[in-house]
Structure formats: structure tokens, C-alpha cells
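Input: a single structure, listed below in C-alpha cells.
The values are calculated or read from the model by the stated rules, or taken from the named source; none is laboratory data. As the structure is a prediction and not an experimental result, all values here were calculated from the model. Please note: Cβ atoms are built from the backbone with ideal geometry, for glycine as well, and neighbour counts cover all protein chains shown.
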């Protein structure tokens, strides 16, 4: 049995916060692999807000994770024409890899909006949810209450993932790149080079 982490998102662009989250999940839960899974047609985002193409986002993820032995690009959702929902993707993976155990990695904010996801009651049986949080008492207490609520309601298996705060978002990075601000230290150098070479996010 392999323990596989799933890192979903638009990755528009991928940044060091994503990599840090995956590294801590690997370390704390002894994961064998983390699959970075860019979303091609997400249900919760207007596609007009996704600036780069699926091919460009896949390339940026590939460059970002190239030095990590346990990380890989998973393009299942990118290849789909239909809207991709997390429950459907995870049911697909469970059917393909019934022996493996999946860990679905999310940020703290997603833990509080997860009940708005499509058929979340079908997502929970497919995986353990790893919810990232900052290591302070109030965060832990608030998240603990939400976990107890979701566990009681859905029988969900949700664990906390203690990660350092990486204060960066894809939205803010797109603004910085557009305004020609320095993004050094916030993204892998290979990704920054790719963005400048292909003139992404500049207009």
C-alpha cells in the first residue's frame, strides 16, 4: 500500500507555499508520493480568472517539482473537458488504485467552506483530509471544532497539518509579476524564468 498525497489547485502560478505544504505533508504523514494536480475546469472558479493555459500551468508545476523525488505531476483533471469535482476525481483514483491510501491536502480556509463543495459526502470516504493550519492555540481550537462537526456529520477522517506560514498567494504573485516587482524567494527560480520567457501575467 502506498500513501499518496493529492495537492489540487489552479497553480496559476505554482509557488513556494504549495511546495512547503507538500513537503510538510510528506514528512509528518510519511507519504510515499505527492501528486500535484492542476485543475483544468474547476467548478468553483470562473475560467476567465485563470490567466495561463492548462499546458503552461502543467509546465510550471513540472519545473517547480523537478528536484523533488516524491513529487509528480498528475494531469488527470487537465485532460478532462468536463468540470472536475474533487469527489469525482478521488472516486476515480480509488477505483484505479484500490490498495493505496489517499490524503487530500487543503488549506485552513477550505476546511470551513468544504461543505459547499459538490457532493462532499462522497469525497470523505475516498481519503483522509489533511488541513493545514498555523501553530497557534486559537487556530487549533477553531479548526478542532470544525473537524468535530464534519466528523460527526459525515464520518470524515480529518487530520491537522502544522505548516509554517508562507505569506504568498497566486493572486498576489500575478499582481507582482504584472507590476514587475521582485518575486525572488516566493517561487522556484525555474518557474520565474519560464514566466518571463513566455511573458505570462505581464499585461
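The single condition among (1) without any contact (Cβ under 8 Å) to a residue 12 or more places away in the chain; (2) within 30 Å of residue 127 (Cα to Cα) that residue 168 does not satisfy is (1).
Candidates 87, 97: the one that is touching a helix residue (DSSP H, G or I) at 6+ places or on another chain (Cβ under 6 Å) and at pLDDT 95 or above is 87.
Determine if the range 6-27 includes at least one residue that is modelled with pLDDT under 95, buried (at least 18 other Cβ atoms within 10 Å of the Cβ) and over 24 Å from residue 183 (Cβ atoms). Checked the range 6-27: no residue is modelled with pLDDT under 95, buried (at least 18 other Cβ atoms within 10 Å of the Cβ) and over 24 Å from residue 183 (Cβ atoms). The set of residues from the range 178-195 being free of Cβ contacts under 8 Å to residues at least 60 places away in the same chain and surrounded by 14 or more Cβ atoms within 10 Å (Cβ to Cβ) comprises 183, 192. Restricting attention to the range 173-196, the residues being under 21 Å from the mean Cα position of the chain (by Cα) and under 14 Å from residue 51 (Cα atoms) number 4.
All conditions but one from (1) in a helix (DSSP H, G or I); (2) at pLDDT 95 or above; (3) within 19 Å of residue 34 (Cβ to Cβ) apply to residue 193; the one that does not is (3).
Of the numbered criteria (1) within 26 Å of residue 3 (Cβ to Cβ); (2) surrounded by 14 or more Cβ atoms within 10 Å (Cβ to Cβ); (3) within 16 Å of the chain's Cα centre (by Cα), the one residue 170 fails is (1).
Given the criteria closer than 20 Å to residue 7 by Cβ and either modelled with pLDDT under 95 or in contact with a helix residue (DSSP H, G or I) (Cβ under 6 Å, 6 or more places away or on another chain) (or both), does residue 129 qualify?
No; evaluated as a whole, the condition is false for this residue.
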